[in-house]
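Enquirer: Just passing along the structure, written as structure tokens.
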Amino acid sequence: GFEALRHGNIRAATMHFSDALDWDPTQVEARLARGRCRRDLGDTAGAMSDFLLSQDYAAHSPEPHVEMGDLFFARKDYGRAIGHYDDALQIQPEHAMALCRRGISHHHIRRHSQAVEDLKQAARIDPNIPNIARYIRMASTRR
């Protein structure tokens, strides 16, 4: 599945991840990857199903919550995205991407102070997040 993704073939990757999950439904990485593929193919319900099942199999991982947040973020449902990023950050408070995306979500619903705080914290944890400085400037000008 991951090889198919490297070649840009999302449909083939989805099939390979499905095959792997037929053998072992507890494979969280395969389930998350298939969920991302489904999301990218526009199958929101299938993606959410995979992310929820991933959460069941990996209760102590922030990744299923981040993926659910990303799903709602992509749908511009920023309030629900924030709730899922909050869940991820309860598990792993230093999750840079959850902080970054929660910050951008706060920005979109005009909570600019919270946006700047999250984005600056994300940048401190991982200064290599693409465009993080631009996101901070964007949120800072709206305060």
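The values are calculated or read from the model by the stated rules, or taken from the named source; none is laboratory data. All of these numbers come straight from a predicted model, not from anything done at the bench. Ideal geometry is used to build each Cβ from the backbone, glycine not excepted, and the neighbour counts take in all protein chains shown. We work out accessible area using only protein heavy atoms, side chains counted, and drop any ligands, DNA or RNA first. Shrake-Rupley method; radii C 1.70, N 1.55, O 1.52, S 1.80 Å.
Enquirer: How large are Rg and Dmax for the chain when only the alpha carbon atoms are used, in Å?
Expert: According to the Cα coordinates of the chain, Rg and Dmax are 15.9, 51 Å.
Enquirer: Right, something else. At 7 Å along Cα-to-Cβ for each site, give me the label-to-label distance between MET15 and ASP40 in nm.
Expert: For the pair MET15/ASP40, the computed spacing is 1.6 nm.
Enquirer: Over the chain, average the accessible area per residue using a 1.4 Å probe and give it in Å², no decimals.
Expert: I get 55 Å² per residue for the chain.
Enquirer: Okay, moving on. Determine the shape class of the stretch 59-143: with a ≥ b ≥ c the square roots of the Cα gyration tensor eigenvalues, call it rounded for a/c under 1.5, and otherwise prolate if a/b is greater than b/c, oblate otherwise.
Expert: In terms of gyration-tensor shape, oblate.
Enquirer: Sticking with this structure for a sec: Using the beta-carbon distance between ASP56 and ARG110 and R0 = 35 Å, what value does 1/(1 + (r/R0)^6) give for FRET efficiency, to the nearest 0.05? Present the calculation step by step, with values, prior to reporting the outcome.
Expert: Working: r = 35 Å, r/R0 = 0.99.
It comes out at approximately 0.50.
Enquirer: Any idea what angle helix 96-108 forms with the longest principal axis of the chain, computed on alpha-carbon atoms, 0 to 90 degrees, nearest 10?
Expert: 60 degrees
Enquirer: Between GLN90 and ASN131, with labels modelled 7 Å along Cα→Cβ, what's the label distance in nm to one decimal, could you check?
Expert: Placing both labels 7 Å along Cα→Cβ, they lie 3.0 nm apart.
Enquirer: Classify the stretch 1-83: rounded, prolate or oblate, from the alpha-carbon gyration tensor (a ≥ b ≥ c, eigenvalue square roots; a/c under 1.5 rounded; otherwise prolate if a/b is larger than b/c)?
Expert: Oblate shape, in that a/c is at least 1.5 and b/c is the bigger or equal ratio.
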